[in-house]
Amino acid sequence: MTGTTILELRNVTRTHGKGAAEVHALRGVDLVVRAGELVAVMGPSGSGKSTLLSLAGGLDTPSGGEVVVQDTPLSSQSKAQLAAIRRRSVGYVFQDYNLIPALTAAENVALPRELDGLSARKARVEAIAALEEMGLRAEADRFPDEMSGGQQQRVAIARALIGERRLILTDEPTGALDTETGEAVLRLLRKRCDEGAAGVLVTHEARHAAWADRIVFIRDGLIVDESAPSQRAEDLLVDDEARP
């Protein structure tokens, strides 16, 4: 249901190291992301953006505070339960793709659905459909090392979007893509959120953040500002096309 809280960070902190080597990656972050909403997270390198994303997806554990996904506090879950939540509810697009080299594109995308108990045949049908949305139908049976970096990134995005993922976390998802393909990916991410998913997009690009409903600015582990995009993404695209 649109408007339902999907992700909540409550006074979340994350500290690495001890003593003189102690680094405060996050310092008491509060954030709510609702169904139907795409939130862009922006900030300089080392500000805590990727740490926030890792904690939101249950890939890391906060030093303090609580992360809640679909009304489930992640701190109360076992490792097996966390893995199940990540597999069924969270789609995560990593900067480094994290594809399995021994699996084809279709097999990489289908794997989460097979782990959920879907038959290999049905999982492949869903995987092919997801790859087709990414313009990769012809690459379905190719292995990662047979594809370009941009193609691998699109496979990773297809894997993140397959199934009924309610929370989609993306870390610079268009970094390896050309402008046209990157815009197509953002349009698809926007569509999934409009259909009821909650999305968090970490980006350095203002034009990419323009696809979001809100932009959260983070610096030195703190959320320092929050605003609506100053210009709609569609307007930015029109402006680009109008330039000589």
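The values are calculated or read from the model by the stated rules, or taken from the named source; none is laboratory data. Only a predicted model underlies this, so the values are computations on that prediction, with no experimental measurement involved. Don't worry about glycine lacking a Cβ; one is built from the backbone with ideal geometry, like all the others, and counts go over all protein chains shown. Only protein heavy atoms, including side chains, enter the accessible area calculation; ligands, DNA and RNA are left aside. Shrake-Rupley method; radii C 1.70, N 1.55, O 1.52, S 1.80 Å.
Which residue is nearest to the chain's Cα centre (by Cα), if the candidates are limited to segment 134-154 and must be open to solvent by 90 Å² or more (accessible area, probe 1.4 Å) and in contact (Cβ under 8 Å) with a residue 24 or more places away in the chain? Filtering first and then ranking leaves Asp145.
Scanning segment 56-93 for residues that are of a type in the set (Ser, Thr, Tyr) and either surrounded by fewer than 18 Cβ atoms within 10 Å (Cβ to Cβ) or modelled with pLDDT of 95 or more (or both) yields Thr61, Ser63, Thr72, Ser75, Ser76, Ser78. For segment 143-174, a tally of residues being among the basic types (Lys, Arg) and in contact with a helix residue (DSSP H, G or I) (Cβ under 6 Å, 6 or more places away or on another chain) returns 2. Within segment 94-118, the set of residues being of a type in the set (S, T, N, Q) and open to solvent by less than 50 Å² (accessible area, probe 1.4 Å) comprises Thr104, Asn108.
Taking segment 155-194 as the range and being over 18 Å from Leu131 (Cα atoms) and either of a type in the set (Phe, Trp, Tyr) or free of Cβ contacts under 8 Å to residues at least 24 places away in the same chain (or both) as the test, only Thr179 passes. Pairs meeting the criteria (first residue in segment 11-39 and surrounded by fewer than 16 Cβ atoms within 10 Å (Cβ to Cβ), second residue of a type in the set (Ser, Thr, Tyr), beta carbons under 9 Å, at least 6 apart or on different chains) are Thr15/Ser63; His16/Thr51; His16/Ser63; Glu22/Thr15; Val23/Thr15; Gly28/Thr13; Val32/Thr5.
Of all residues in segment 195-221, which are within 18 Å of Ala130 (Cα to Cα) and crowded, with 24+ Cβ neighbours inside 10 Å?
Of everything in segment 195-221, just one residue is within 18 Å of Ala130 (Cα to Cα) and crowded, with 24+ Cβ neighbours inside 10 Å, namely Gly199.
Taking segment 147-167 as the range and being small (Gly, Ala, Ser) and more than 18 Å from Arg113 (Cβ to Cβ) as the test, the residues that pass are Ser148, Gly149, Gly150.
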